[in-house]
1. Can you run phi through the Karplus equation (6.51, -1.76, 1.60; θ = phi - 60°) for the range 5-22 and list ³J(HN,Hα) in whole Hz, with x for Gly and Pro?
2. Note down the Stokes-Einstein diffusion coefficient of the range 7-52 in µm²/s, whole number, using a Kirkwood radius over alpha carbon pairs, 37 °C, and 0.692 mPa s.
3. Would you mind checking the pairs Lys93/Lys133; Lys96/Lys138; Lys107/Lys141 and listing those with alpha carbons more than 24 angstrom apart?
4. Around Lys23, under 14 Å between beta carbons, what's the net of Lys plus Arg minus Asp minus Glu among the other residues?
5. Could you work out how far apart the two model spin labels at Arg94 and Ile48 are, taking each label as a point 7 Å from the Cα in the direction of the beta carbon, and quote it in nm?
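Rule-based calculations on the coordinates, nothing more; no lab input. All of these numbers come straight from a predicted model, not from anything done at the bench. As a convention, Cβ positions derive from the backbone with ideal geometry for all residues, glycine included, and neighbour counts pool all protein chains shown.
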Amino acid sequence: MDGQLDYGFRMRYIGKIIEDYHKLKRKEKGIVLSYAVRILGYNRKYLIYLLNNPQKVKKETPKITGRGVKPKYKCIKHILKDIWEKFNYPWSKRLKVIITENLVWIKKNYNLVENEIELLKSISCATIDRLLKDSRIKIKKRIYGRTKPGSLLKREIPIIIERGENINEPGQNAFRYSGTLWK
């Protein structure tokens, strides 16, 4: 039937067939399968699989998971990011203090509406973290880099360590570095 029937209807139809399908004889099962194949448009072997292994019916609407960004804060996200960058990337608690202390400067430079000012005053530290999460990840990769130091440098600097012989009191150096690096 080329996808004219939705998934929920197909599974309900198969659920109705299952009740009687296992009680029928072989020839009668073939007739029921032929009608079901014609109605649903499924392959015969796949339909047999569905009848022998009943599936759970999926809900019509998908379940929404996760919290997401509150839509009311989307209007100040770019302002918050710009302030964060201008004040050298402080963490959220310090940024909240910076915003409250420099609110006059922020109003002047960003031409804020009363609604945006109230949002900046009332924003929590967790919301600041949530809004700046992607930017923080990018900045962290850029500042600290992606490569890690390897063992090549350790092989290039040989150090000979000898055990000290006259150690009688605690706190004396147990190891001393030899003056020669190469043998």
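1. 9, 7, 4, x, 5, 4, 5, 5, 4, 5, x, 5, 5, 4, 4, 9, 4, 6
2. Details: Rh = 10.5 Å.
My calculation gives 312 µm²/s for D.
3. Distance filter (> 24 Å) returns Lys107/Lys141.
4. Here the charged neighbours net out to +2.
5. My value for the distance between the label points is 7.0 nm.
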